[in-house]
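This report refers to the structure that appears directly beneath it.
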Amino acid sequence: MKLPVRHGLLGQEEPRVVPRVGGRIAIPRREKEQLRRLIRKGERKAERMAEQISPRLGKAARKTFHLRDRMEDTVQRLEDTATNAKEAVRPVAWLRSCFQSEQIPPRAAHIKVLRAGYSHHGIYFGDGKVIHSYKGEVRIDPVEKFSKGNKVLTLPNRESPAHYSEQEIVDRALRRQGENRYNLIFNNCEHFARWCRCGD
């Protein structure tokens with residue numbers, strides 16, 4: 001909706017588009033604070049006028065405005081909480097989108113990603129991280145670096161049985177962190193992932 005705001009309250013001279021949120025006009029926070037200051041200035045004047053008419057009326061006016069301020073503060077806190085909740089959920093939704101099943105695998109799961117002509121394997125470390133043997137080194141990397149834009153697959157237990165608990169698998173992987181003994185035939189990324197879960 002276009003509103004011509006010439007010589008308006010906030011001094012804007014150009015027409016601008018005011019977005020609507022849920023049927024309400026969305027006012028930027030800075031402008032909202034300016035508007036509140038102007039409203040409070042008017043309220044103080046109203047309080048003084050009410051006090052001149054009657055001390056009881058002045059007291060009632062102050063109490064009314066005080067309650068209104070408390071309600072505004074509560075609404076603002078709720079809005080901030082909702083915004084923070086959305087920000088917290090967004091990374092989880094993004095992380096799910098990295099996996100083919102749209103589900104975040106359990107910690108210590110054997111995961112792999114298909115690349116041109118081969119597959120790359122690792123152990124899901126939790127918190128969006130993977131421990132894997134990459135470029136000859138056992139290291140921890142974010143899922144996005146591990147996947148390089150491809151969907152990540154979680155191997156079921158029948159394909160990669162676990163002989164240890166989740167914590168033991170992660171501990172075994174961490175013991176080899178920094179290791180640089182990669183061998184395409186005998187000690188590659190898949191060998192590392194399977195050793196962590198069921199190796200001797």
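What follows is calculated from the coordinates using simple rules that are stated; it is not laboratory data. Quantities reported herein were computed from a predicted structural model and do not represent experimental measurements. When we count neighbours, we look across all protein chains shown, and the Cβ atoms used for this are built from the backbone with ideal geometry, even at glycine.
Some values worked out for this structure:
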{"quantity": "Gain upon complete extension [ARG62, CYS198; 0.36 nm per residue less C-alpha separation]", "calculated": "41.8 nm"}
{"quantity": "Peptides ranked, highest mean first, by Cβ atoms within 10 Å: ranges 92-103, 114-125", "calculated": "114-125, 92-103"}
{"quantity": "Dipole magnitude (debye, nearest 20) for the stretch 68-200, charges at Cβ of Lys, Arg, Asp, Glu", "calculated": "500"}
